[in-house]
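As structure tokens, the structure follows; a few thoughts come after it.
Please treat every number below as a calculation from the coordinates, not as lab data. Since the model is a prediction, treat every value here as computed from it, not as a measurement. Reconstructed Cβ throughout: ideal geometry from the backbone, glycine too, with neighbour counts over all protein chains shown.
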């Protein structure tokens with residue numbers, strides 16, 4: 001597929017390859033940008049193909065070594081292990097390493113295979129790393145924090161650091177996973193565990209784990225690896241936001257749903273910032289436009305208009321002009337001439353990149 005790009009106004013559309021358009025774009029941006037490529041909906045193969053083309057170009061020409069997608073950050077560690085040479089089976093990784101069923105998409109399967117093949121020819125410190133920036137929560141399911149908390153307690157103990165709270169005590173507070181994953185809590189706050197003593201105690205326990213992890217991080221790094229320490233930090237960050245999510249689910253107030261949506265995106269922002277901070281070159285994030293755009297998100301749900309700030313908007317408050325959101329959409333259809341689609345559609349025959357500033 002051919003793509004065209006315009007550096008300025010719609011009337012100044014000039015046919016150039018997609019790769020050159022991004023070369024020009026990156027040449028005008030600050031060093032080490034976070035490129036947030038957004039799709040208007042999930043499940044459309046064309047957007048995954050566009051992303052994969054961009055990944056190949058950024059990796060081979062711009063030293064991009066960080067790819068993060070809208071998928072569970074905990075599960076994504078399985079994909080990262082695979083693309084950096086792990087011996088897990090491909091099919092198992094695609095099922096367990098992606099949330100939302102995204103591992104079945106042909107474009108994601110092609111991306112993972114390409115990254116593994118590319119990394120096979122690279123030294124360890126030059127390999128492309130794969131991350132997820134979503135949390136394990138959704139509006140259709142409730143997460144247990146077990147998979148975020150328990151591995152960190154084990155990591156501390158295995159590397160010579162006494163956890164401030166024992167693995168057994170954490171397991172006691174977690175209790176039965178069914179207490180956490182009750183889907184009825186999504187619509188009924190009385191079914192949520194969020195207002196319980198167990199949640200309050202776990203929030204303190206996780207805070208103590210963070211304190212221990214950070215204060216002993218030099219010793220932990222020496223005893224393990226950068227990847228292991230980084231993942232422990234990511235897990236505790238996830239645990240904190242998952243517990244906050246359960247607290248919000250127990251709220252009986254009118255802004256309950258908006259708060260839950262906002263907490264999910266706040267975790268996304270934290271993961272996006274982590275990707276940008278650790279990337280040696282440009283980093284690429286890929287997800288839904290509603291999570292990556294710079295403005296407030298809205299959604300009519302549960303009988304009301306929900307409003308919250310997207311992960312991209314939150315991350316941009318820290319990154320400034322290092323945050324580059326590129327929103328994608330499909331042309332075609334019968335749109336009024338005074339709409340954005342109506343203006344852009346007639347001048348786009350293949351693909352185009354427009355500068356929103358113009």
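Key figures
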{"read-out": "Antiparallel DSSP beta bridges within the chain, as percent of all bridges there, nearest 5", "value": "25"}
{"read-out": "Average Cα contact separation per residue, the chain, under 8 Å, 6 or more apart, as relative contact order %", "value": "29"}
{"read-out": "The chain: angle of helix 197-215 to the longest principal axis, Cα-based, in degrees nearest 10", "value": "70"}
{"read-out": "Cα centroid separation - segment 247-297 against segment 58-84, whole Å", "value": "18"}
{"read-out": "Kirkwood hydrodynamic radius (C-alpha pairs) into Stokes-Einstein, segment 78-178, 37 °C and 0.692 mPa s, D in µm²/s", "value": "205"}
{"read-out": "Normalised contact order of segment 151-278, rounded percent, pairs of Cα under 8 Å and 6 or more residues apart", "value": "29"}
{"read-out": "Burial ordering of 326, 67, fewest other beta-carbon atoms within 10 Å first", "value": "326, 67"}
{"read-out": "On Cα atoms only, tilt of 256-278 relative to the major axis of the chain in degrees", "value": "80"}
{"read-out": "Relative contact order of segment 222-334, defined on C-alpha pairs under 8 angstrom at six or more residues apart (%)", "value": "22"}
{"read-out": "Reciprocal mean inverse distance between Cα atoms of segment 95-148 - Kirkwood radius, Å", "value": "13.3"}
{"read-out": "Sequence of 73, 64 once ranked by neighbouring C-beta atoms within 10 Å, starting from the fewest", "value": "64, 73"}
{"read-out": "Orientation-averaged projected area, Cα convex hull of segment 25-134 (nm²)", "value": "7.0"}
{"read-out": "Cβ-based exposure ranking for 212, 339, in which fewest neighbours within 10 Å come first", "value": "339, 212"}
{"read-out": "Descending Cα extents along the principal axes, segment 140-252, whole Å", "value": "47, 23, 19"}
{"read-out": "Rg to Rh quotient for the chain, alpha carbon positions, Kirkwood Rh", "value": "0.99"}
